[in-house]
Amino acid sequence: MYQVPMDDDFQLMLVSALRYALTRNSYIVGLTIEYIEWKMPLMDKKYLAIMSRDIGEEIKLSDRLSKDIDKRWMSKDMDKRWIQLKEKIDERLKEV
């Protein structure tokens, strides 16, 4: 199987995929999260920090848009998955 090199361009594409998936409520969220978790051990701290920041900002935006969790655009399950990914990224950042 061909392996894509974990260079800056590829890591930027992962950041872009995360940013795209953050605004969705579909299957792409799960696929993106799983792929990022799989590649996270190989990623540079710089890109992990960007991802953590982007997830945090989106969660804050979601909180500002509606204090009632049932009215947010992001479902409770989606919220939980992004929060869990952010926690995993933040743990990895402490290791690197």
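The values are calculated or read from the model by the stated rules, or taken from the named source; none is laboratory data. All values reported here derive from a predicted model rather than from experimental measurement. Here Cβ is always computed from backbone atoms with ideal geometry, including for glycine, and neighbour counts include all displayed protein chains. Please note that ligands, DNA and RNA were not included when accessible areas were found on the heavy atoms of the full protein model with its side chains. Shrake-Rupley method; radii C 1.70, N 1.55, O 1.52, S 1.80 Å.
Identify all residues within the range 22-43 that are open to solvent by 70 Å² or more (accessible area, probe 1.4 Å) and touching a residue at least 40 places away in the same chain (Cβ under 8 Å); write none if there are none.
Asn25, Pro41
Considering the range 46-56 alone, what residues qualify as being exposed (fewer than 14 other Cβ atoms within 10 Å of the Cβ) and over 13 Å from Val15 (Cβ atoms)? Lay out the reasoning, then the answer.
First pass over the range 46-56, keeping only residues exposed (fewer than 14 other Cβ atoms within 10 Å of the Cβ): 46, 53.
Scanning the range 46-56 gives no hits.
Working only within the range 1-16, note down all residues that are touching a Phe, Trp or Tyr at 6+ places or on another chain (Cβ under 8 Å) and surrounded by 14 or more Cβ atoms within 10 Å (Cβ to Cβ).
Gln11, Leu14, Val15
Looking at Arg64, Arg19, can you tell me which residue is at pLDDT 90 or above and open to solvent by 100 Å² or more (accessible area, probe 1.4 Å)? I'd like the intermediate steps shown before the answer.
On the way: Arg64 fails: at pLDDT 90 or above.
Selected residue: Arg19, the only one of Arg64, Arg19 that is at pLDDT 90 or above and open to solvent by 100 Å² or more (accessible area, probe 1.4 Å).
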